[in-house]
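Participant: Below you will find the structure I want to go over with you.
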Amino acid sequence: MMRAVYVDVPGEPENLLLQIVPRPQPKHGEVLIKVHATALNRADILQRRGLYPPPAGESDIIGLEVAGTVDTLGPGVKARWRPGDRVIALLCGGGYAEYVAVPEELLMPVPTNLTLCQAAAIPEAWLTAFQLLVLIAQVKEGEVVLVHAGASGVGTAAVQLVRLFGAVPIVTAGSSEKLKMAENLGAAAGFNYKEDSFAQGVHDFTGGKGANVILDCIGGTNWEQNVSSLATDGRWVLYGTMGGRAVEGNLLGKLLSKRGHLLCSLLRPRCLQYKEDLVKAFSHRVLPHFSDQPASLRPVIDSTFSLEDIAEAHRHMEANRNMGKIIIKVSPQNQETQ
């Protein structure tokens, strides 16, 4: 048996219930992980509200990433993993639990200089940012990349990756503190969307040329400024709709005049082969940089909650107070979590 968080009735954070449930058994090609920490994502909030169900056949426990140790190898596992190995993993669900069974293709080793709590901030946010920049936008050296929500988990990862790839990150955020954090991570400029037009800021920064790539998790409310900010032949990558899904106005005409590309992507529903290829590419191109001396890349941690305080962690994210990732310690307090 194990502890896990369930949502019996979709709704508010208080509907998150800590229960005792059967421990999963690893299927063919799966590895059972003893979870030490997980991290929150916006998708968790949507799932809690009943708006983002897991893909068919996947765990209905919330949680898209974990860090922990290998507990048991299922039949047919081919990889080098051994019990006790420190690992991180991308999930379709099941992270808010003490154990989770994961296809071996989705495991990565924990960088040597990171704790498990720090490492829990990597899988979902960093793989999402890497996918958006490399596979979807195909960012090139020297290009300007506008990152919305620059102090979020994906945002803080994207800023660092844009720098790693030789491009120029600029960001939007809702406070001077968040903008300062993004700039400390490498953002060349930042714009407070609550106070000023970020489109004007982008025009000023680029000398009127616009951003070559926009990473957009906002959607509806930003569309006019996004199109205005986009360079000719630019790529606008939509991966969330926190600002609404409806669009009213001349979106297509204005996008057409820029010869702009509107690209959309979600990671969770992707097939196992796609995720395996993504994990391999990330592990080869990015993961070693977390172990550089000094480290070229670092996960940004906003706060840490216990599994018993999962509802409060959700409230913290819903209030948009976090700068970086919100971590959930899953292992009991008397067990090693580092």
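Every number here is computed from the coordinates shown, using simple stated rules; none is lab data. The structure presented is a predicted model; accordingly, all values stated were derived computationally and were not measured. We place every Cβ from the backbone using ideal geometry, glycine too, and count neighbours over all the protein chains shown.
Participant: Over every pair of different alpha-carbon atoms in the chain, take the mean of 1/r and invert it; report that Kirkwood radius in Å.
Facilitator: 20.3
Participant: Continuing with the same structure: Rg(Cα) of the stretch 126-264 divided by 2.2 N^0.38 Å?
Facilitator: On the way: Rg = 13.3 Å, N = 139, 2.2 N^0.38 = 14.3 Å.
Rg over 2.2 N^0.38 Å, computed on Cα atoms: 0.93.
Participant: If eta is 1.306 mPa s and T is 10 °C, what Stokes-Einstein diffusion coefficient results for the stretch 46-99, Kirkwood Rh from Cα pairs, in µm²/s?
Facilitator: Here the translational diffusion coefficient equals 126 µm²/s.
Participant: Find how many whole Å separate the alpha carbon centroid of the stretch 252-317 from the alpha carbon centroid of the stretch 105-166.
Facilitator: 5
Participant: Can I ask one more? Quick one: which of 52-58, 107-113, 10-16 comes out on top by average Cβ neighbours within 10 Å, and what's the full order, highest first?
Facilitator: Going by the mean number of other Cβ atoms within 10 Å, highest first, we get 107-113, 10-16, 52-58.
Participant: Over all directions, the average projected area of the alpha-carbon convex hull for the stretch 1-81 comes to how many nm²?
Facilitator: Dividing the Cα hull surface by four gives the mean projection, 6.0 nm².
Participant: A further question follows. Give the angle, between 0 and 90 degrees and rounded to the nearest 10, that separates the Cα long axis of helix 272-285 from the longest principal axis of the Cα atoms of the chain.
Facilitator: On a 0 to 90 degree scale, this one is about 70.
Participant: Next question. Counting DSSP beta bridges in the chain, what percent are antiparallel, to the nearest 5? Show your work: numbers first, answer last.
Facilitator: Values: 30 of 55 bridges.
In the chain, DSSP labels about 55 percent of beta bridges as antiparallel.
Participant: Now, a different point. Out of Y274, Y193, Y99, any idea which swings most in a Gaussian network model of the chain, alpha carbons joined below 10 Å?
Facilitator: In the Gaussian network model the winner is Y274.
Participant: Further, regarding this structure: Pairs on different chains or at least eight residues apart, Cα atoms closer than 15 Å: how many lysine pairs in the chain fit?
Facilitator: For the chain, qualifying lysine pairs total 5.
Participant: Could you work out which residue, out of V171, V134, V31, moves most in a Gaussian network model of the chain, that is, has the largest mean-square fluctuation with Cα springs under 10 Å?
Facilitator: Greatest mean-square fluctuation among the candidates belongs to V134.
Participant: Averaged across orientations, what area in nm² does the convex hull of the alpha carbons in the stretch 183-337 project?
Facilitator: 12.9
Participant: Find the Cα radius of gyration of the stretch 210-263, compare it with 2.2 N^0.38 Å by division, and give the number to two decimals.
Facilitator: Its radius of gyration relative to the 2.2 N^0.38 Å reference: 0.99.
Participant: Pull out the extension gain between L17 and E141, defined as 0.36 nm times the separation in residues minus the alpha carbon to alpha carbon distance; nm, one decimal.
Facilitator: Between L17 and E141, full extension yields an extra 40.0 nm.
Participant: Next question. So what is the calculated 222 nm ellipticity per residue for the chain, using -39500 (n - 2.57) for each DSSP H run with n of 4 or more, over all residues, to the nearest 500 deg cm²/dmol?
Facilitator: Values: 10 runs with 87 residues, N = 338.
Taken over the chain, the calculation gives -7000 deg cm²/dmol.
Participant: Mind giving me the FRET efficiency for S176 and S257? R0 is 25 Å, r the Cβ-Cβ distance, nearest 0.05 is fine.
Facilitator: Values: r = 34 Å, r/R0 = 1.36.
After rounding, the FRET efficiency stands at 0.15.
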